[in-house]
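The next block holds one structure in the form of structure tokens; read it before the comments.
The values are calculated or read from the model by the stated rules, or taken from the named source; none is laboratory data. Keep in mind that what you see is a predicted model, and the values were worked out from it rather than measured. Reconstructed Cβ throughout: ideal geometry from the backbone, glycine too, with neighbour counts over all protein chains shown. Protein only, heavy atoms only, side chains kept; ligands, DNA and RNA dropped before computing areas. Shrake-Rupley method; radii C 1.70, N 1.55, O 1.52, S 1.80 Å.
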Amino acid sequence: MTKRLNKLAIPYLINFIYTDPLLILHPMLKIAYSPIYIYELPDGHRFPMEKYELIPAQLLHEGTVSQENFFHPTALNDEEILLTHTAEYLDKLKTQNLSRKEIRAIGFPMSSKLIERGRYIANGTLQCARYAIKHGVAMNIAGGTHHSFADHGEGFCIYNDIAIASNILLKEGVFNKILIVDLDVHQGNGTAKIFEIEPRVFTFSMHGAKNYPVRKEQSDLDIGLADHTKDELYLSTLKDTLPNLIEQVKPQMVFYLSGVDILETDKLGRLSVSIEGCKERDRFVMQTCQDLNLPLCISMGGGYSPAIRHIVEAHANTFRLANDIFF
Ligand SMILES: [Zn+2]
């Protein structure tokens, strides 16, 4: 049985997270995390920000990882962001000139700290992608900001971390074929739009057909699931799709968005996947990539179960599996 975390232990454990570049040489699960990920929200805000603190603390507490697994990402610079986002949007973010409507669409109270935080999280995904090339897999405690478009943000997403990382790797010539597997319950609309005419990036989104966003974009492959879809259909759909897709697309790298808002306990998700089903989903994606020696970079995505323990447990499973399968 998994050990539960005593809340008082959290600040103590978090203080031990540090970066040591020498450890890069030793294969291990590298995890992007920084205290800047935790952005203070007004009481009652529906985004469970505390998960960014609780997940690393839980993983340390139970011994799944130790401090050396974590690294603090640095911040992206403008040039790197501009490979994906428009100059106008970046300028509006930097000068805090988004309209009220644009701010409402994002859903977080705006501040320079929030804009800055996004640069660290998105670079966390890029740096994880680089670790994944060396170690097989790497994971960002946050990220999966797939509702961010080139010229605007929405649904708690400001910069599109996976799109930014993909565009940088493509520009550097590291890869010329990337597959994005987006299994968050919400369609990866921003990602789909950004790569609409980019043949080197294949976007696959499996999501709730009736869920947000109401107006879906067109991914290279979309699978819309009916409300209340349960484990059996969810998993058989994934297992019938992913291996064939990899065979057809022949990617050199996979980005996986492992949102846990597919859970039956989720208040926004509309699906009925159990925590075991969610774990089996993650296991299947990871095992498939590992069997094929495909570098795998994982961003967490959403999770809105009313009890934070369900969110933390489901996300923690993704990290536990990565450790078991790859190391
Ligand atoms: Zn979501």
Exposure rank, largest accessible area first [E198, E116, E232; 1.4 Å]
E232, E116, E198
Rounded to a whole number, what % of the accessible area of the range 214-322 do carbon and sulfur atoms account for, probe 1.4 Å?
50 percent
With the Cα gyration tensor of the range 223-327 giving a ≥ b ≥ c as the square roots of its eigenvalues, does the rule (a/c under 1.5 for rounded; else a/b larger than b/c for prolate; else oblate) give rounded, prolate or oblate?
oblate
To the nearest 0.05, the calculated FRET efficiency linking S99 and A307 through their beta-carbon distance, R0 being 25 Å, is 0.10
Stretchable slack from A226 to N323, in nm (0.36 nm times residue separation minus alpha-carbon distance):
31.7 nm
Non-local amide H neighbours of L225 (under 5 Å, H modeled in plane, Pro and chain starts lacking H): which ones?
H207, G208, A209
Probe 1.4 Å, heavy atoms of protein chains only: per residue, the accessible area of the chain in Å² is 42 Å²
On the full set of protein chains, 1.4 Å probe, figure out the accessible area of Y37 and give it in Å² to the nearest 10.
0 Å²
Expected field for E217, accessible surface area in Å² at 1.4 Å probe radius, rounded to 10, holds 30 Å²
At 1.4 Å probe size, with the rest of the protein present, what percent of the exposed accessible area of the range 70-185 is carbon and sulfur atoms?
50 percent
Specify whether the C-alpha gyration tensor of the chain places it in the rounded, prolate or oblate class, a ≥ b ≥ c being the square roots of the eigenvalues: rounded for a/c under 1.5, otherwise prolate if a/b is larger than b/c and oblate if not.
rounded
So how much slack lies between H45 and N244, counting 0.36 nm per residue of separation and subtracting their Cα-Cα distance, in nm?
67.6 nm
Ranked from highest to lowest mean number of other Cβ atoms within 10 Å per residue, what is the order of the peptides 68-76, 81-89, 118-126?
118-126, 68-76, 81-89
Hey, what do the phi angles of the range 45-60 turn into as Karplus ³J(HN,Hα) couplings, whole Hz, using 6.51/-1.76/1.60 and θ = phi - 60°, x for Gly and Pro?
4, 7, 7, x, 4, 5, 4, 5, 8, 6, 5, x, 5, 4, 5, 5
Go through R104, R200 and list them by solvent-accessible area, largest first, probe radius 1.4 Å.
R104, R200
Which far-off residues, 5 or more places away or on another chain, put their amide H under 5 Å from the one on T145, with H placed in the peptide plane?
D161, I162
Return the sequence-ordered ³J(HN,Hα) values of the range 254-265 in whole Hz as given by the Karplus equation 6.51 cos²θ - 1.76 cosθ + 1.60 applied to θ = phi - 60°, using x for Gly and Pro.
10, 9, 10, 9, 9, x, 9, 7, 7, 5, 4, 7
Could you point to the residue in Q287, S205, Y52 farthest towards the positive end of the chain's charge dipole, with +1 and -1 charges on the Cβ of Lys/Arg and Asp/Glu respectively?
Y52
With charges set only on the Cβ (+1 for Lys and Arg, -1 for Asp and Glu), what does the dipole of the chain come to about its Cα centre, in debye to the nearest 20?
360 debye
In whole Hz, what ³J(HN,Hα) sequence does the range 245-250 give by Karplus (6.51, -1.76, 1.60; θ = phi - 60°), x for Gly and Pro?
5, 4, 4, 7, 7, 6
Which aspartates and glutamates, if any, have their Cα less than 16 Å from the Cα of K92, not counting same-chain residues under 8 positions apart?
D78, E79, E102, E116, D151, E154
Which of the pairs K210/K267; K30/K279; K134/K193; K51/K177; K134/K250 have their Cα atoms more than 23 Å apart in this structure?
K134/K193; K51/K177
Under a 5 Å amide H to amide H cut-off, with H placed in plane at 1.01 Å, what residues pair with E154 once short-range neighbours are removed?
S148, F149
Relative contact order in percent for the chain (Cα pairs under 8 Å, 6+ apart) equals 18 percent
